[in-house]
Each structure stands twice: as structure tokens, then as C-alpha cells.
Amino acid sequence: MDTATAIVRGVPDTFDAALVMGERPKLEVAKARKQHANYCTHLAKAGYELAELPADDDYPDCLFVEDTAVVIGRVAVICRSGASARRGEVGPVADRLATTFELRPIVEPGTIDGGDVFIAGDTIFVGLSLRTNHEAVRQLTEVGRELERRVVPIEVQGVLHLKSAVLPIDDHTVVVTPGTVDETLLSDFEIIPEAAEERHRFSALPLADGTVLVTANAPKTANLVAARGFSVVPVNVSEIQAADGGLTCMSILY
Ligand code: GLY
């Protein structure tokens, strides 16, 4: 059996300058590093071989590797971020993926962040957000056609990425922050609404060993997921969340 791999990237010294949508919080590099290391330990415990890329201080958001590429079958789509300051993050990730996958870069004027994409069965869901535009969806649809996957675009309101608001737990179950997307587009899923008092705190990452990492500061929503029979593992990533990140953002799993 092939080994599961997780691409991760270190927290740069400049993390305190990471992009944030709202009022800028004071971000602590040391705390983020500790939480990132703990997250990596959970991935390793679940059986992933870690491909650890070094941090780059020129890119405060470089730990959020998810945004740089999306693996779909034999292909890795290389993203062109909607945040121009983040576009230089892709190089080392693309180099690593090129050892295993055929690369398909999204080209200008397309912009897309991997945080806007999730795959369930043969469907690729793509958020139309501040970072991802219609042209990128068109290019992704071409790739999807080649791979016999359909693409479903979803407008995203009030959050950074699709996966800030729609968290796949498995191919049939998602947690959704109410009011952020048209839920009729997710009618094939069982939808678990994020608890109102935990709004924008829940994030989840399903792992190859069957466990699901969940954010430690959203226990009510995590309990709703656990009640469906999932084995949830709470992880504290508060400093990562302060920089508009979540559990999916810090790795590319394949
Ligand atoms: N800080 C995550 C992002 O803005 O892309």
C-alpha cells in the first residue's frame, strides 16, 4: 500500500504579518510554532509521512500550504492566489508535487486558493470568494473534465475561503457555518450546522486513519460530529485561527 504523505511548511519569523480579513490581532510566532508542531505530531500519529518544507520569511502565510495546490487523482493543480503577495509561495510545493503528480497551473487571469476547494467522490466543490474567481473555475472545470470529475462552484459570503465555512468530514457529511453559502448546492450531504456560539471557530481535517482532527475551541460542534460516529481529536490551533487559518490550511494530504 502507498504511504500517505502530508506536505507541511514551517512557520516563518514573519508570521505576525500574515494576512487577516478583519482587525489585525497580535500574532505570536512562538505560539503558532508550538501549535503547528503539535498539529504535525497528530498527522504523523495518523500514519502520514511528513514532507516538511522550510519556512520562507518573505511569505508570512507560507505555512498555509493548502492554498498553493490541490491534488486531484494523478494531477496537482498549482494555484495562483487571489492575494498577489502569496503567489511566490508555490515554488517549493510545486517542486515536491512534481515528483509524484502531473502539474496543471492555473494561469492569469485565473486566481484560486486551495482553501476554496474540496473534493467529495467525483465532484470538485469550488468557492467563489475574495481569492477565487470565475476564470479559475473555468480552468479547473477543464482539468475536471480530463479527470472525469464535475466542478460545482459555490459563492462564499463573509469568510475567506469555502473551507472557512464548509468543512467536509467525509464524502457524505459536511459542517456548515449557517448563512455563508447556498446550502441547496450541498443537498447530497448530511449538513451539520456549526453551533451558533462557536461561529467561525469550527474546522476539521479527516485523516487517513479514520480520525478527524477538530478545533479544540468548538466542542459543541465537535460533539455533533462525534454523535454521527466519527472519532474526533481536538487540536488547539487558536493562533493559526487568529491568522484566518484552520486545520485544513496547514497541509496537503495525499
Ligand atoms: N492568512 C491566510 C490568508 O489570508 O491567506
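Just so you know, all these numbers are worked out from the coordinates, no wet-lab data involved. As the structure is a computational prediction, the values presented were derived from the model and not from experiment. A quick note on method: Cβ atoms are made from the backbone with ideal geometry, for glycine too, and the neighbour counts reach across all protein chains shown.
The figures follow:
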| read-out | value |
| --- | --- |
| Shape of the stretch 1-75, Cα gyration tensor, a/c cut at 1.5 | prolate |
| Two-site label geometry, Thr3 and Thr211: point separation in nm, points 7 Å out along Cα→Cβ | 1.9 nm |
| Estimated D of the stretch 174-254 in µm² per second, where Rh is the Kirkwood radius over Cα pairs and Stokes-Einstein applies at 25 °C, 0.890 mPa s | 186 µm²/s |
| Derived scalar couplings ³J(HN,Hα) [the stretch 158-164; Karplus, 6.51 cos²θ - 1.76 cosθ + 1.60; whole Hz; x for Gly, Pro] | x, 9, 5, 10, 3, 7, 7 |
| Over the chain, relative contact order from alpha-carbon pairs under 8 Å, at least 6 apart, % | 20 percent |
| FRET efficiency, Lys34 to Asn223 (Cβ-Cβ, R0 25 Å, nearest 0.05) | 0.45 |
| Computed helical MRE - 222 nm, the chain, DSSP H runs ≥ 4 contributing -39500 (n - 2.57), nearest 500 | -6000 deg cm²/dmol |
| Positive-end residue of Ala46, Val93, Ala6, charge dipole of the stretch 1-98 with Cβ unit charges | Ala46 |
| Aspartates and glutamates whose Cα lies under 16 Å from that of Lys220, excluding same-chain neighbours fewer than 8 positions away | Glu194, Glu197, Glu198 |
| Lysines with Cα under 19 Å of Lys34, excluding same-chain neighbours fewer than 8 positions away | Lys26, Lys45 |
| Estimated distance in nm for a label pair at Glu198 and Asp57, the labels positioned 7 Å out from Cα along Cα-to-Cβ | 3.8 nm |
| Under 5 Å, built H, 5+ apart or other chain: amide partners of Val151 | Ile124 |
| Residue-by-residue Karplus 3J(HN,Hα) for the stretch 10-21, coefficients 6.51, -1.76, 1.60, Hz, glycine and proline x | x, 8, x, 4, 8, 3, 5, 9, 4, 5, 9, 6 |
| J(HN,Hα) series, the stretch 242-253, from Karplus relation 6.51 cos²θ - 1.76 cosθ + 1.60, nearest Hz, glycine and proline x | 4, 9, 6, x, x, 6, 6, 4, 8, 7, 10, 9 |
| Cα→Cβ-extended label distance, 7 Å offset, between Arg74 and Val107, nm | 2.2 nm |
| DSSP-defined antiparallel bridges as percent of all bridges, the chain, nearest 5 | 40 percent |
| Stokes-Einstein diffusion coefficient of the stretch 71-215, Kirkwood radius over Cα pairs, 25 °C, 0.890 mPa s, in µm²/s | 155 µm²/s |
| Per-selection metrics, the chain (Cα): Rg and Dmax in Å | 16.7, 46 |
| His134-Asp171 FRET efficiency (beta carbon distance; Förster radius 25 Å; 0.05 resolution) | 0.45 |
| Estimated FRET transfer efficiency (Ser238, Leu50; beta-carbon r; R0 22 Å; 0.05) | 0.50 |
| Sequence-distant residues sharing a close amide H with Arg104 (under 5 Å, placed H) | Ala76, Val77, Ile78 |
| The stretch 126-234, relative contact order in percent, only Cα pairs under 8 angstrom and at least six apart counted | 18 percent |
| Cα shape, the stretch 1-146, gyration tensor, a/c 1.5 rule | oblate |
| Built amide H within the under 5 Å cut-off of Val175, gap 5+ | Leu167, Ile169, Ile192 |
